[in-house]
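The values are calculated or read from the model by the stated rules, or taken from the named source; none is laboratory data. Predicted, not measured: the structure shown is a model, and the values here were computed from it. Note that each Cβ is placed from the backbone with ideal geometry, even for glycine, and that neighbours are counted across all protein chains shown. Remember, those area values only see protein heavy atoms, side chains included, never the ligands or the DNA or RNA. Shrake-Rupley method; radii C 1.70, N 1.55, O 1.52, S 1.80 Å.
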Amino acid sequence: MTTGAPPSTSPARPRRSRLRGFLPLGVAAWLVLEIWLLTVVAGAAGGLTVFLLLVAGLVLGSVVVKRAGRRPFQALNEALQRGGTPESGGGNGLMMLGGLLIMLPGLVSDALGLLLLIPPVQKVVSRFAERTFDRKLREAAAGSFGDAFQQARIHRPDGRIVQGEVIRERPGDEPQGPRPPLTR
């Protein structure tokens, strides 16, 4: 029995990255480490001290996030609409990430968040992230997720821009006969 859908002509599925395979294991190990460190600190200094550390991290992280503001996400959005990468030199995105890490309960995430608040560390991480982002965009094959940034824009006479996606069909791919109606 056929469903009317043409058979797939795409090659075999691409190989999964190692990161995707080990990410759940890494997150689980990180959570176990955070809980273990909190219990060690609670055993040495007391439960009230751990509670106060967690509340202080929440307050400090929210202050840092509020201070960083929305500017980095707006700059990233504008840069992606232009088709480029955001200008370097703005450490507000990493400052916001540091604040979010401080807000997470745990001592390891607090230490990483505090590290991201140091300007020389922000410069190093920013340069690394920018190089990686540029390399991944250049390596992206047509039709992949990286190609999603290369969307078509139709300029209408009234000045409005209609964004869409271009679908190129090969000459022999046209369906024979009328198409079925779109129903659930």
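Worth a mention:
- Evaluation of PRO105 against the conditions (1) modelled with pLDDT under 75; (2) in a loop (DSSP other than H, G, I, E, B) shows that the sole unmet condition is (1).
- Long-range neighbours under 9 Å by Cβ, at least six apart or interchain, first residue over 14 Å from GLY99 (Cα atoms) within the range 36-64, second not aliphatic (A, V, I, L, M): LEU37/GLY106; LEU38/PRO105; LEU38/GLY106; VAL41/THR49; ALA42/THR49; ALA42/PHE51; VAL50/THR39; LEU53/ASP110
- Of everything listed in (1) part of a loop (DSSP other than H, G, I, E, B); (2) at pLDDT 85 or above; (3) among the charged types (D, E, K, R), the single unmet condition for GLU87 is (2).
- Filtered residue count, the range 108-128, keeping only those that are open to solvent by less than 70 Å² (accessible area, probe 1.4 Å), within 24 Å of LEU33 (Cβ to Cβ), out of contact with any Asp or Glu (no Cβ under 8 Å at 6 or more places or on another chain) and in a helix (DSSP H, G or I): 5
- Filtered by the rule that a residue be open to solvent by less than 70 Å² (accessible area, probe 1.4 Å) and of a type outside the set (D, E, K, R), the range 28-39 gives ALA28, ALA29, LEU37, LEU38.
- Some residue of the range 1-15 being among the small types (Gly, Ala, Ser), modelled with pLDDT under 70 and in contact with a helix residue (DSSP H, G or I) (Cβ under 8 Å, 6 or more places away or on another chain): no
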